[in-house]
1. Do you know which residues across region 15-68 are closer than 15 Å to Leu145 by Cα and of a type in the set (Phe, Trp, Tyr)?
2. Mind listing just one residue for me: the one in region 159-205 that is under 23 Å from Arg19 (Cβ atoms) and of a type in the set (Asp, Glu) and, of those, surrounded by the fewest Cβ atoms within 10 Å (Cβ to Cβ)?
3. Keeping to region 2-14, report how many residues are in contact with a helix residue (DSSP H, G or I) (Cβ under 8 Å, 6 or more places away or on another chain), within 20 Å of Ile98 (Cα to Cα) and in a loop (DSSP other than H, G, I, E, B).
4. Report, by residue number, each residue of region 95-123 that is crowded, with 19+ Cβ neighbours inside 10 Å and within 13 Å of Val18 (Cβ to Cβ).
5. When you scan region 128-136, do you find a residue that is more than 12 Å from the chain's Cα centre (by Cα), assigned to a helix (DSSP H, G or I) and touching a residue at least 24 places away in the same chain (Cβ under 8 Å), even just one?
6. Can you run down the residue pairs with Cβ atoms below 7 Å, 6 or more apart or on separate chains, where the first is in region 62-83 and farther than 19 Å from Ile232 by Cβ and the partner is surrounded by 12 or more Cβ atoms within 10 Å (Cβ to Cβ) and small (Gly, Ala, Ser)?
7. How many residues does region 174-208 hold that are of a type outside the set (A, V, I, L, M, F, W, C), more than 14 Å from Ile125 (Cβ to Cβ) and in contact (Cβ under 8 Å) with a residue 40 or more places away in the chain?
Amino acid sequence: MSIDNRILVETVDDVLRVRLNRPEVRNAQTPAMWEEFAQIAGDIPAGVRFVVLSGEGQDFSAGLDRAVLGEGMLTDLQADPDGFIAQAQEGFARWTRIPQVVVAQVQGNAIGAGFQLALASDLIIAAPGARFAMREVSIGLVPDLGGTGALVDAIGYRRAFALCASGAFISAEQAHEWGLVHAIAEDPHAATDELLANLRTLDGATIADIKALLQAVAGDRDSWSKERSAQIHRLATLFSGGSA
């Protein structure tokens, strides 16, 4: 459990449950939380086969907590954009590197960083009416937390371009039709437990090898550095007062 309870962490048998716990701000994320994501992913207890990412309250995560922009984040970005973004990405990248199966339980909204956290999982189980969006374009930025490559892998370039360029929302039902969401369930928690029970009947080492194999041949393996380069360009334009 984090010091201020913004992220709740619990290990039950072979499952590590990681729950965003800021429902009062729709589980909006901060750079400090991204650092904590990386720490949690880097210190998974022995015997854990599965990780479940979820959010407390009505929303999975509404993305970046914009309050942090006035609390030093913009200054840090100006001083060292590449280093800042690289460190932020670690909180998401580590979930893609671990051998455990990672499942995101999504209800309500998964926006921006919230969407990208869900995309860092292996499987997404969504509640009916859940929505996903990349809203970075609305403030003149690009997604830079690993979500672009995973999104293109999941739904193809044209659909991914339409979502990122417009900032439009996609419903869980549409996401499921496109193959982005594994399943829609009235009770995502129960559906996740059923999924994990089925996976337990299979050899864990084989599943880990399958994950590593598919990641090696997926198209998003270099998206992290490309995102940083694109975002640094956008930031330079914004900080110089140019058109967004």
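The values are calculated or read from the model by the stated rules, or taken from the named source; none is laboratory data. Please read all numbers here as calculations on a predicted model, not as lab measurements. Please note: Cβ atoms are built from the backbone with ideal geometry, for glycine as well, and neighbour counts cover all protein chains shown.
1. Once the filter is applied, which keeps residues that are closer than 15 Å to Leu145 by Cα and of a type in the set (Phe, Trp, Tyr), region 15-68 yields Trp34, Phe37.
2. Going through the qualifying residues, I end up with Glu186.
3. Adding up the residues that qualify gives 1.
4. Matches in region 95-123: Trp95, Gln100, Val102, Val103, Ala104, Gln105, Leu117, Ala118, Ala120, Ser121.
5. Yes - at least one qualifying residue is present in region 128-136.
6. Hits for this filter: Ala62/Ala28; Ala62/Gly114; Gly63/Ala28; Gly63/Gly112; Gly63/Ala113; Gly63/Gly114; Asp65/Ala28.
7. 2
Here is a yes/no grid of residues against (1) part of a loop (DSSP other than H, G, I, E, B); (2) at pLDDT 95 or above:
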{"residue": "Leu16", "(1), (2)": "no, yes"}
{"residue": "Asn27", "(1), (2)": "yes, yes"}
{"residue": "Gln78", "(1), (2)": "no, no"}
{"residue": "Gln87", "(1), (2)": "no, yes"}
{"residue": "Glu90", "(1), (2)": "no, yes"}
{"residue": "Pro99", "(1), (2)": "yes, yes"}
